[in-house]
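Read through the structure below, which is laid out as structure tokens, and then see the notes.
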Amino acid sequence: MTPLFSIVVPTLNRAGTLRHVLPTLADQSCREGGVEILVCDGGSTDETASLIAASGVLNLRLVASAGGSRAAARNAGIRAARGAFVLFTDADILASPGLVAAHAAAHARRPGAAIVGREVQVSSLDDLDGVRDGGRATGSLHPSWRRNLSWMFFLTGNASVSRADLVRAGLFDESFTAYGHEDLELGYRLRRSGVRIRYEPAAVNYHWHPIGHEERMSRMESSGAATVRMFRKHRDPRILLALGVNPITWVLHAVLDRCPPARKALHARAFGSGAARALALQDAYLCGVKRAWRSTERAS
């Protein structure tokens, strides 16, 4: 039977989390049609291949991807997909039992839309059990009443789109090789092509990837560079404004540039203060923006 949904999971040396993720995907079903799982491997050297081979999941395929980036892996999955809809998730994200069914119902209600579900952050498998069993309240990026989303929220940890719309938009841009914005950039092109992005809070999954402060800082700097790449590609000033590059943030960042002791103190306080942490992350992001801006200026 031809599947209705193809679940695309990019991976690179993530066998440790995949062994927990795959059972949550193998249980997915929807009344409207079948489901296939495509683990798209960018060249893992761990046990990923043997894990897939030994899984016993009949609707699971391993898809090789050249290039190693998440954009390239997801594109390999889209090209291999047999389903009418592609559902994107990740190798460290565990699905709720009704994830695919909720996406299918949302597409039935909103034909032609891209659907973004609710992604809940969990710090451990024990934390996941507590959240799923209703042991504590969980936050959400969006209020439950919100339905229309900007391209800025096309986050591929939990998003589904018709394969035809993805092909029409041009798939992911594989020049985004570092961390950040390859999904937002595709969301931007989907919106420009007329695809609305809708929020479905009933489509829940659980992101199990707690990261430390230094890794978060590195990701923010990389995201800043990706913002410049995206702007250079589309030449739309609204991209910069939407992604936090504006005169106010630029001036505040310039103050830190001129006062290294203040920057040092800010980053030292980031470990104990939420407000300082947010400012330090913004500083790292704008450092990435400036670095990328200068490098493109030198190249031209």
Before rounding to the nearest 500, sum -39500 (n - 2.57) across all DSSP H runs of length at least 4 in the chain and divide by the residue total; then give [θ] at 222 nm in deg cm²/dmol. -14500 deg cm²/dmol
When the expected Rg is taken as 2.2 N^0.38 Å, what fraction or multiple of it is the alpha-carbon Rg of the range 1-108? 0.99
Ratio to report: Rg/Rh of the range 180-279, with Cα atoms as the point set and Rh obtained by the Kirkwood method; give two decimals. 1.03
Between residue 123 and residue 258, the two model label points (7 Å from Cα along the beta-carbon direction) sit apart by a distance in nm of 4.0
Considering the alpha-carbon set of the range 1-44 alone, what are its Rg and its Dmax in angstrom? 11.7, 35
What spacing in nm lies between the two simple spin-label points modelled at residue 13 and residue 57, each 7 Å away from Cα in the Cβ direction? 2.3
Loop chymotrypsin sites (Phe, Trp or Tyr not before Pro), the range 219-300, which have at most 12 other Cβ atoms in a 10 Å radius of their Cβ (DSSP): 271
Values of log10 I(q)/I(0), in the order q = 0.25 Å⁻¹, for the range 60-118 under a Debye, Cα-only, solvent-free model: -1.20
Ranked packing of 155-166, 89-100, 41-52, 171-182, most packed first, by mean Cβ within 10 Å: 89-100, 155-166, 171-182, 41-52
To the nearest whole percent, what portion of all C-alpha pairs in the range 221-300 is separated by more than 17 angstrom? 48
Relative contact order (%) - the chain, alpha-carbon pairs under 8 angstrom, separation at least six: 18
What's the extension gain from residue 271 to residue 168 if we count 0.36 nm per residue and subtract their Cα-Cα distance? 32.6 nm
Give the angle, between 0 and 90 degrees and rounded to the nearest 10, that separates the Cα long axis of helix 247-258 from the longest principal axis of the Cα atoms of the chain. 60
Counting all Cα-Cα pairs in the chain, those more than 34 Å apart amount in percent to 23
Which trypsin sites (Lys or Arg not before Pro) in the range 173-269 sit in a loop by DSSP (not H, G, I, E or B) and have at most 10 other Cβ atoms within 10 Å of their own Cβ? 235
Length released on extending from residue 145 to residue 209, taking residue separation times 0.36 nm less the Cα-Cα span: 20.3 nm
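None of the figures in this text is laboratory data; all of them are computed from the coordinates on show. Worth saying up front: this structure is predicted, and the values here are computed from it rather than measured. Using ideal geometry, Cβ is built from the backbone for each residue, glycine included, and neighbour counts are taken over all protein chains shown.
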